[in-house]
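Below is one structure, written out as structure tokens, with a few remarks after it.
The values are calculated or read from the model by the stated rules, or taken from the named source; none is laboratory data. Treat the numbers as computed from the prediction; the structure is a model and nothing was measured. Don't worry about glycine lacking a Cβ; one is built from the backbone with ideal geometry, like all the others, and counts go over all protein chains shown. The area values use the complete protein model at the heavy-atom level, side chains included, leaving out ligands, DNA and RNA. Shrake-Rupley method; radii C 1.70, N 1.55, O 1.52, S 1.80 Å.
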Amino acid sequence: MTTSHSTPDPSAPDGTDPFAHKGRTKNLVAGTVGHFVEWYDWYVYGLLAAIFSAQIFPSHSAFASLIAAFLTYAIGFVVRPLSGIIISPIADRYGRRRIMALGISGMALGALIIGLTPPYASVGVLAPIMFVVARILQGISAGSEGQSAIAYLVEHAPAKRRGLFGSLTNLASGLATLAATGAAAIVTSAFAPDALASYGWRIPFVFGGIIGVIGLVMRARSDESPEFEASAAVDQKSAPKKLLELLRNHPKAIIQTAALSAPAVAYYTWATFLPTYANLTSGRDLSQTLAGSVIGLVLLVITVPLTGYVSDRLGRRKIFPIIGAVGMVVLFYPLLLLLNQPGFGVYILVAASGWVVLGIWQAVYPTIQAELFPAAVRVSGIGFAHQIVIAVFGGTAPLIAAAFVGSGHPMLVAVYMIVIVAICLVVYFTLPETGSRNPQATVSVTDSIAVVADKSAKKTDVRNESSPV
């Protein structure tokens, strides 16, 4: 193993950081840009479903077509846990960077398929089939992306900046949501209804596929996580054995990770269904609600890195459950109730308030999840719990919300989100404080194997350099 990551770092206990890396900026950009591409493609589907649903999934009513589109959207979530369970141990065995490169390739290809699929009127049932194939491909890709990117960025972080670096994964997804919402707002306002339904909605998907190529190139040129390299040098278990080790040794951490991820039900509702919810319940114009969501998302993009930065100073546990989860429980019902009042400013207030509390949650949970597991099973641990929860609660969120609205009980959308977040809040009080003020060399406070391996490798390198050739 080549060990070129010995740059001095005064934040470490002995004055050096065994995992400092000279290419940290390049790797940081590669991780965040790729994550941006992944989630831009993911969110733009939900935002434009109301536009293309009748063209790809024709039915007896517009609402039935929308439900079919959201069912297809949910298919991507169904395959995510399978991908998370199968592929995550491979990332723990062979590296984070390779899996991230494969993930972004699949997501970009899926976006191009969706953007270029002919309408049902031209190719018949092949149109919805192609959408299903694309969503399965994107689900597999997304199922391997999140946990790999979290581990990759946190493992590249300086010891006292892990909260900030971990928050950048969700800063990237926030920017992706902002970009997807902005793209949806632009095409819905720039094109006449007929042109929008014919080809206008396709432009954001094609754009997502093109920028996916950029992310792929950046990830192909990035460096592997030094902590993974050190751990893998001494722990060479097969991927199935790593999964068994995870289930046997870390059941509590798996439950805590699942609870940290479950508020995604609120995030996906806010990101993909809130504009449609306001359109269906209060008659607001869809292009205006999309524009209002863009304004609200600006606060999310500000909140996430700021909270991540503060968590490096005040600790992870106290910020997330107290402010983030409690904020969701307290605010969601009155915010959705407020949408019954007219006015563009009212919608902005609702969207922005929700994004602030969601941003506090998003900022902290990735780093906490990474710090709960040692490097040898980190991606497996996050992926196993996170992807199952996302499939159950995230993927079905817009579908369930649409069903509540269609049945004449729109406020049940808020009740549903509040109940799930409240249950998670109970689990948060069992979380350890992972944000140590005395920075340890490894991400997990219980993981010493990576440091031992790294120091051993350096001693070997020194001996080799001093030996005659």
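Summary table below
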quantity	calculated
Over the stretch 323-437, relative contact order from alpha-carbon pairs under 8 Å, at least 6 apart, %	39
Normalised contact order of the chain, rounded percent, pairs of Cα under 8 Å and 6 or more residues apart	26
Shape of the stretch 249-380, Cα gyration tensor, a/c cut at 1.5	prolate
Equivalent ellipsoid dimensions for the stretch 176-302 as semi-axes, Å, which come from the Cα gyration tensor, largest first	40, 22, 13
Of all accessible heavy-atom area on the stretch 334-399, the percent that carbon and sulfur account for (1.4 Å)	78
Formal net charge of residues neighbouring ALA176 (Cβ-Cβ distance under 15 Å; K, R +1; D, E -1)	-3
Dimensionless Rg/Rh of the chain - Kirkwood Rh, Rg from C-alpha atoms	0.99
Relative compactness, the stretch 108-220, computed as alpha-carbon Rg over 2.2 N^0.38 Å	1.30
Mean Cβ neighbour count within 10 Å, used as a protection proxy, ranking 280-293, 354-367 highest first	354-367, 280-293
Order by protection proxy (mean Cβ within 10 Å, highest first), peptides 163-171, 181-189, 121-129	163-171, 181-189, 121-129
Cα-based helix-to-principal-axis angle, 96-116 vs the chain, degrees rounded to 10	20
Table column - 3J(HN,Hα) (Hz), the stretch 118-128, Karplus curve with 6.51, -1.76, 1.60, x for Gly and Pro	x, x, 4, 5, 8, 10, x, 5, 4, 4, x
Unit charges on C-beta of K, R, D, E only; dipole of the chain, Debye	480
Heavy atoms of LEU274 accessible to a 1.4 Å probe, total area in Å² rounded to 10	0
Gyration tensor (Cα) of the stretch 26-132, equivalent ellipsoid semi-axes in angstrom	31, 14, 12
Principal-axis tilt of helix 326-338 within the chain, Cα atoms, nearest 10 degrees	10
Accessible surface ranking that places the most exposed of TYR45, TYR94 first, with a 1.4 angstrom probe	TYR94, TYR45
Accessible area of the stretch 293-403 divided out per residue, in Å², using a probe of 1.4 angstrom	29
Whole-angstrom gap from the stretch 213-283 to the stretch 323-398, using each part's C-alpha centre	14
In degrees, nearest ten, helix 412-428 long axis to first principal axis of the chain (Cα)	10
Derived scalar couplings ³J(HN,Hα) [the stretch 76-90; Karplus, 6.51 cos²θ - 1.76 cosθ + 1.60; whole Hz; x for Gly, Pro]	x, 6, 5, 7, 4, x, 4, 5, x, 6, 7, 7, 4, x, 5
Solvent-accessible surface (1.4 angstrom probe) belonging to GLU245, in square angstrom, nearest 10	30
